[in-house]
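See below for the structure under consideration.
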Amino acid sequence: MIRRIDHIGIAVKSLDAAVEMYERALGLRCLRREEVPEQQARMAFFDAGGTHIELLEPTGDDGPIARFLERHGEGIHHLAFETDDIEAQLERARAAGCRLVHERPVAGAGGKRIAFLHPRSTCGVLTELCSIRPHRDR
Ligand code: CO
């Protein structure tokens, strides 16, 4: 079952500049930073009343965030739903004919298990499923 919107991912060119803007212009405090090699990105998190904002900066030239920035520039990159059963949720999407970016969950930020649904199948919005339970292998 989908529980809530966990976070909104925003692709940025410079994490430092974006963090400063969020702190100065919006008065939000950066909760933590993290690098996820599997996603070739480093992130900064803000809490906006329970829903997090995840700023994403690419760490290489050919990762998903780098490619997104090349095509679209900075902007909203994905919407993440929290689920209590990511396998079942992925299976539901597959059964509904949804194109999957990940056939099975991968490691995401915060030690969570995540999987993306392709934006072609989800109204143009890259959609992330993320589990409540942390990744056991990390
Ligand atoms: Co995310």
### Query
Here is a list of conditions, (1) within 20 Å of R33 (Cα to Cα); (2) more than 16 Å from the ligand (Cβ to nearest atom), and R99 meets all of them except one; can you say which number that is?
(1)
### Summary
Over segment 18-65, the set of residues more than 13 Å from the ligand (Cβ to nearest atom), closer than 22 Å to A115 by Cβ and β-branched (V, I, T) is T59
#### Entry: Residue check, C130 more than 14 Å from the ligand (Cβ to nearest atom) and under 20 Å from D6 (Cα atoms)
no
### Query
Restricting to segment 1-17, what's the tally of residues that are away from the ligand (no atom under 16 Å from the Cβ) and small (G, A, S)?
2
### Summary
Those residues of segment 75-98 that are buried (at least 16 other Cβ atoms within 10 Å of the Cβ) and either in contact with a Lys or Arg (Cβ under 7 Å, 6 or more places away or on another chain) or not in a strand (DSSP E or B) (or both) come to a total of 6
### Message
I'd like to know if segment 73-86 contains one or more residues that are at pLDDT below 95, within 13 Å of A11 (Cβ to Cβ) and within 16 Å of the ligand (Cβ to nearest atom).
### Response
no
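The values are calculated or read from the model by the stated rules, or taken from the named source; none is laboratory data. What you are looking at is a predicted structure, and each value in this text was computed from that prediction instead of being measured. Positions of Cβ are generated from backbone atoms using ideal geometry, with glycine treated the same way; all protein chains shown enter the neighbour counts.
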